[in-house]
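The values are calculated or read from the model by the stated rules, or taken from the named source; none is laboratory data. For clarity, every value in this text was computed on a predicted model and none was experimentally measured. Quick reminder, even Gly has a Cβ in these numbers, built from the backbone with ideal geometry, and neighbours come from all protein chains shown.
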Amino acid sequence: MSKVKILTKGFFKENPSLILVLGMCPTLAVTTSVNNAIGMGAATTFVLLMSNLIISLLKNVIPDKVRIPCFIVIIATFVSIVDLIIQGFVPALSESLGVFIPLIVVNCIVLGRAEAFASKNGVIDSILDGLGMGIGFTISLILVAAVREILGAGSFMGFQFIPSDYNILIFVLAPGAFLVLGFIMALMRHIINRVTEKRKNKMCAAK
Amino acid sequence: MAQKKEASLIKLVVVLTAIALVAGLALTGVYALTKGPIELSQKEKKDKALHDVLPGFSGNIADTVISIDGEDVTVHKAINADGSLFGVGVETFTKKAFAGRFDLMVGFDDDGVILNTEVIKAGETPGLGDKINKSKSDFAKQFNGQDPAEYKLQVSKDGGDVDAITAATISSRAYCDAVQRAYNVFKIVKEAHHE
């Protein structure tokens, strides 16, 4: 696999929340506003990047039997670091994301990439993988959040442009999250199916 | 191959301990670095809230701690230059909130009239319960200038004088509960101050 492919596969083809369906908790919970989505995406990307880096460095040192506890300790450390930094320097973000920053520890994407990729690949590949997956995760969070914020709160990144009388309340609440996520996933599958079909047809035509 | 994979127990323990140790050291460092800014931002927030609930006051503030409903509540007494009481800022709380609990700062003048209320820390539902914040709706403003001795701190549904937030009655009730608690604290403080 080329380096570019490792980086970009997380954006679309293996998008963590829309295709692999990992990390649903933050995808559903913090996507009430685009600002939250960006903050959460950035925090998760940082944790992914750092844990992938450290785990790929230590992959030959860590015995197989205790690899999961080791991964968790490493991931939890970076999550706590992010949490403390956000609390200290961006208190407004820490307030709106609340408990979801500490919960990055149990985000399946982070442990999933550690187990499936970083523990088997080199340092540079792992960094690219972490970065790509993080960006893909952030993109999908922003997609869901944009729809929910525009329909539910009538604003985009806090800028109000639809009067609050015309807001559709359900999109701010949990059921709205499921609805939006479902539609975006369906759309994503549809696009991917069409793209692969076209490629197949092209290949057949070439033959 | 099988033998190589079967790492000895000692190695397992050593590796895991070493990783945990390094992680602990890293965290200690970051904690030490961020401790100052975190405390500062929390203090700034409280100071700003206190300033907002005691409008027009710039003198000595004496802090006391009062125990109510099984918790310690910090009270900020604003004392005029002549020793009389300008007002009181109470750090109050409620446990009836939709998200469990939220903390408010409530300011009273010398007679117990509510000057202003400010949210210190709350995790109410975005779009619904978070309308207790003044930036989101005018709900909290209706408390200003009211005297809880005559103004019934309950939502109109429960027979009180407070207009609840649409679709967020629980948060509105909790807000009333917190303000009522603050008023109870105020009465204790006031009595103590005049003795």
Exercise. Say whether the condition of being in a strand (DSSP E or B) and more than 14 Å from chain A (Cβ to nearest Cβ) is met by at least one residue in segment B:131-153.
Key: no
Exercise. May I ask you to list pairs of residues, at least six apart or on different chains, whose Cβ atoms are under 6 Å apart, with the first in segment B:9-20 being facing chain A (nearest Cβ under 9 Å) and the second being modelled with pLDDT under 90 and in a helix (DSSP H, G or I)?
Key: B:L12/A:K65; B:L12/A:V66; B:L16/A:V66
Self-check item: From A:A114, A:A92, A:A76, residue being over 18 Å from the mean Cα position of the chain (by Cα) and of a type in the set (A, V, I, L, M)
Solution: A:A92
Quiz item: When B:I120 is evaluated against the numbered criteria (1) in contact (Cβ under 8 Å) with a residue 60 or more places away in the chain; (2) in a strand (DSSP E or B); (3) away from chain A (no Cβ under 13 Å), which criterion, by number, is the only one it fails?
Solution: (3)
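To keep it simple, each residue is scored yes or no on (1) surrounded by fewer than 20 Cβ atoms within 10 Å (Cβ to Cβ); (2) at pLDDT below 85; (3) touching a Leu at 6+ places or on another chain (Cβ under 7 Å); (4) more than 30 Å from A:P175 (Cα to Cα).
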{"site": "B:V90", "(1), (2), (3), (4)": "no, no, no, yes"}
{"site": "B:T94", "(1), (2), (3), (4)": "no, no, no, no"}
{"site": "B:L104", "(1), (2), (3), (4)": "no, no, no, no"}
{"site": "B:D147", "(1), (2), (3), (4)": "yes, no, no, yes"}
{"site": "B:A164", "(1), (2), (3), (4)": "no, no, no, no"}
Quiz item: Among A:S119, A:S33, A:S126, A:S17, which is the only one that is closer than 28 Å to B:V13 by Cβ, among the polar types (S, T, N, Q) and under 17 Å from the mean Cα position of the chain (by Cα)?
Solution: A:S126
Quiz item: Can you find even one residue in segment A:158-172 that is touching a Lys or Arg at 6+ places or on another chain (Cβ under 8 Å) and more than 13 Å from every other protein chain (Cβ to nearest Cβ)?
Solution: no
Exercise. Restricting attention to segment A:157-207, report how many residues are surrounded by 14 or more Cβ atoms within 10 Å (Cβ to Cβ) and of a type in the set (F, W, Y).
Key: 1
Quiz prompt | Out of B:D82, B:D110, sole residue that is away from chain A (no Cβ under 12 Å), over 13 Å from B:V179 (Cβ atoms) and modelled with pLDDT of 85 or more | solution = B:D110
Quiz prompt | Number of the condition not met by B:A182 [criteria: (1) of a type in the set (G, A, S); (2) surrounded by fewer than 17 Cβ atoms within 10 Å (Cβ to Cβ); (3) closer than 20 Å to B:A78 by Cα] | solution = (2)
Quiz item: Before we move on, is A:A42 within 16 Å of A:L131 (Cα to Cα) and either touching a Phe, Trp or Tyr at 6+ places or on another chain (Cβ under 6 Å) or surrounded by fewer than 19 Cβ atoms within 10 Å (Cβ to Cβ) (or both)?
Solution: yes
Quiz prompt | Among the candidates B:K43, B:K48, residue that is within 14 Å of chain A (Cβ to nearest Cβ), within 30 Å of A:A29 (Cβ to Cβ) and surrounded by fewer than 12 Cβ atoms within 10 Å (Cβ to Cβ) | solution = B:K43
Exercise. Could you run through segment A:129-156 and say how many residues are surrounded by fewer than 24 Cβ atoms within 10 Å (Cβ to Cβ) and more than 11 Å from A:S33 (Cβ to Cβ)?
Key: 8
Quiz item: Quick check, is A:S56 crowded, with 23+ Cβ neighbours inside 10 Å, touching an Asp or Glu at 6+ places or on another chain (Cβ under 8 Å) and modelled with pLDDT of 90 or more?
Solution: yes
Quiz item: Can you pull out the residues in segment A:82-122 that are among the polar types (S, T, N, Q), within 12 Å of chain B (Cβ to nearest Cβ) and closer than 12 Å to A:M40 by Cβ?
Solution: A:S94, A:S96
Practice problem: Hey, can you tell me all the residues within segment A:44-81 that are within 7 Å of chain B (Cβ to nearest Cβ) and of a type in the set (D, E, K, R)? | Solution: A:D64, A:K65
Quiz item: Assuming A:T8 fulfils every condition listed in (1) out of contact with any Ser or Thr (no Cβ under 6 Å at 6 or more places or on another chain); (2) within 11 Å of another protein chain (Cβ to nearest Cβ); (3) not aliphatic (A, V, I, L, M) apart from one, which condition is it?
Solution: (2)
